[in-house]
Amino acid sequence: MEERLERGLHIVATPIGNLRDLSPRAADALRRADRILVEDTRVTAKLLAHIGAKVPMMRYDDHSSEAERDAILARLDDEAIALVSDAGTPLISDPGYKLVRAARAAGHAVHTIPGPSAAIAALTLAGLPTDRFLFLGFLPAKAKARSEALAEIAGVRASLILYESGPRLGDTLAALHEQLGNRDGAVTREISKLHEECVTGTLNELAARYADLQPKGEIVVVVGPPAVPEAATDEQLDAALGEALTRLSASRAAAEVAEKLSLPRKRAYARALELTK
């Protein structure tokens, strides 16, 4: 008889496309779980059929009530419950963090079985800097809210990753170009599936390409970080300080110019003192 899975909540990453991407450990956990929390029973049923598992499923999503969450927590005393999303790693633009937090607060064991994530997979395909990145999930649908969200992160020196749908893709790329400038970007689609695609170019080029095109499938957009500004010359520093010193003290002028020219404040202040002698 197969050994029972350890009691507690098991966060299980599932394939984002190709079912063969399910790890052996994830498949084993799903087969041995007492029940599986799913977003859509029809989607997860296909995965369970693929691995030959017959396990009771229970719906759990962003609309699940607190009472439903409490009922799940009560089961964790005696059951091993797996949490999956329709595709990829649970909790990444998917429901689940409230359940994990509540399970931990109640003293239940929480385990994670890592695996596919569309955000990370898209980053590896894009050919953009990977040393720092920021995941944005889905941007707001309304133009004003979307513009405000982008303004908040415009200066972040990191690659940006966001999810999008086909009908909204053109508008989103146009907004990215308008708010962030003509950075390098990539539009990835149907990762790990038969029609996997990664289109790269500047945001201007991508916005033009998808202005009247609504591609199908799961879409991830990756945007490169802002360009590093060229270091200001001594002449530029002197000109900026000369103007600022007509209005401000040396320390305040140095602070203003250092921020404006992206220079060390110490350099700007030392030069400001020289100019005031």
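By how many degrees, between 0 and 90 and to the nearest 10, does the Cα long axis of helix 41-51 differ from the longest principal axis of the chain?
70
Suppose every Lys and Arg Cβ carries +1 and every Asp and Glu Cβ carries -1, with no other charges. What dipole size does the chain come out with about its Cα centre, to the nearest 20 debye?
340
Roughly speaking, what is the centre-to-centre gap between the range 71-141 and the range 250-277 when only Cα atoms are used, to the nearest Å?
46
How much length is gained on full extension from Arg35 to His50, taking 0.36 nm per residue of separation minus their Cα-Cα distance? Walk me through the numbers on the way to the answer.
Numbers: separation 15, 0.36 × 15 = 5.40 nm, distance 1.70 nm.
So the extension gain works out to 3.7 nm.
Provide, for the chain, the number of lysine pairs with alpha carbons under 25 Å apart, each pair being eight or more places apart or on different chains. Numbers along the way, then the final one.
Values: Lys46/Lys54; Lys46/Lys193; Lys46/Lys216; Lys142/Lys216; Lys193/Lys216; Lys260/Lys277; Lys266/Lys277.
So the count works out to 7.
Provide Ser165, Ser65 in ascending order of the number of other Cβ atoms located within 10 Å of each residue's Cβ, fewest first. If you can, show how the numbers build up before the last one.
Numbers: Ser165 15, Ser65 8.
Sorted ascending by nearby Cβ count, the order is Ser65, Ser165.
Does the range 234-276 come out rounded, prolate or oblate, given a ≥ b ≥ c as the square roots of the eigenvalues of its C-alpha gyration tensor, rounded meaning a/c under 1.5 and, failing that, prolate meaning a/b above b/c?
Numbers: a/c = 1.26, a/b = 1.20, b/c = 1.05.
Because its axes are fairly even, with a/c under 1.5, the range 234-276 counts as rounded.
Got a sec? How would Lys46, Lys54 order by Cβ neighbour count within 10 Å, fewest to most? Could the numbers behind the result be given before it?
Working: Lys46 10, Lys54 7.
Final ranking by Cβ density, sparse to dense: Lys54, Lys46.
Using the reciprocal of the averaged 1/r over all distinct C-alpha pairs, how large is the Kirkwood radius of the chain in Å? All intermediate terms of the calculation are to be shown ahead of the outcome.
Details: mean 1/r = 0.0453 Å⁻¹.
Roughly 22.1 Å, rounded to one decimal.
No value in this document is a laboratory result; all are computed from the given coordinates. Everything numeric here is computed off the predicted structure, so don't read it as measured data. Positions of Cβ are backbone-derived with ideal geometry, glycine not excepted, and every protein chain shown enters the neighbour counts.
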